[in-house]
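For reference, the structure discussed in these notes is given below.
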């Protein structure tokens, strides 16, 4: 969504447009969205329609829900974090699959996900309203890099006039991630657990940033990614057995499938270390696309699961509630999410078999974390 020079050359008119954008008084900008489409948008934007849960989360994160005039109720309901934080959104008109309703609401802009860029072009032509595609999952639910969460926040906040809020948000997230990496960077690679992220048992999440940030090694990252943006692949059970992960994370839904107990009792998995050690846990993960807010909390959740001794002083529930309030402006969201998705809870304690040894890597790391959290 950067400014685009229509003819590919920067001339004086383009330079004047860029200066106008920087001053914040541009009446029209042309942006390049995540589907590679050049879209011209009239500024300022006051009335928007984010289609899908992913787009609504991004809009809420950059503090722009007051501009939303219609929602896609096909993907946004009372069990989505953003609608729990902003229940007023559920009272807005439902535009699901209804271009006529969208047009009736007179939006300045519609947001769609980039994997349906072709449909975005058709919708734009049909109702003559700019449609911008965003997608902060192109490189595997990353916070950094092209198509990552931070870049997406920056691009959206530029359009919606919330740059100051978003700069603070990105700074906050970077500081929180740095707190974890200050600890995990001191953990030898061979001591980082090998993690299998299970989606319906035999589908592997090949890239998910929180695993690496939390000090884990994703066993499925070795798989080739033939399709850009595709990060989930079906794998045979034999491959999972051969990986022999130390930890299995189960992608949870309101009705978790498979259950932890089903994985623990799977006859063919009895040789897997994670099963033998009963280190199988639910994780919310992406649902209808990434939720940057819950992904940040999962960095901390996984860090304590992966390295319970190093993060003995970390209160995951308190930290999660703090971060989700920073993102969505409501209290107790992590506590709800922890219960709803059956996430592991420590209740602020560490079991006896996780007692730190005197000296060595673990005690040094515990000393670091006690000064951070």
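The values are calculated or read from the model by the stated rules, or taken from the named source; none is laboratory data. Note that the structure is a prediction, hence the values are computed from the model and not measured. Counting neighbours? That spans all protein chains shown, and the Cβs are built from the backbone with ideal geometry, glycine included.
The residue that is farthest from residue 340 (Cα to Cα), counting only those in segment 241-266 that are part of a helix (DSSP H, G or I) and at pLDDT 95 or above, is 242. If you go through segment 171-198 and keep only what is over 30 Å from residue 262 (Cα atoms) and either assigned to a loop (DSSP other than H, G, I, E, B) or without any contact (Cβ under 8 Å) to a residue 40 or more places away in the chain (or both), you end up with 171, 174, 175, 178, 181, 185, 186, 187, 188, 189. Condition check for residue 92 on (1) more than 20 Å from residue 165 (Cβ to Cβ); (2) buried (at least 23 other Cβ atoms within 10 Å of the Cβ): one failure, at (2).
Taking only segment 279-320 into account, find how many residues are within 16 Å of the chain's Cα centre (by Cα) and either outside the structural domain of residue 192 (by TED's automatic domain parsing) or assigned to a helix (DSSP H, G or I) (or both). Result for segment 279-320: 12. For segment 49-79, filtered to residues that are closer than 17 Å to residue 330 by Cβ and free of Cβ contacts under 8 Å to residues at least 40 places away in the same chain, the residue that is surrounded by the fewest Cβ atoms within 10 Å (Cβ to Cβ) is 78. Listed by first and then second residue, the pairs linking a residue in segment 326-337 that is over 12 Å from residue 60 (Cβ atoms) to a residue that is not in a helix (DSSP H, G or I), with Cβ atoms under 9 Å apart and 6 or more places separating them unless they lie on different chains, are 334/343; 337/284; 337/343. Strands (runs of 3 or more DSSP E) fully within segment 27-99 that include at least 1 residues being within 22 Å of the chain's Cα centre (by Cα) and closer than 18 Å to residue 127 by Cα: 48-50. If you go through segment 199-212 and keep only what is free of Cβ contacts under 8 Å to residues at least 60 places away in the same chain and either under 19 Å from residue 277 (Cα atoms) or more than 18 Å from the chain's Cα centre (by Cα) (or both), you end up with 200, 202, 203.
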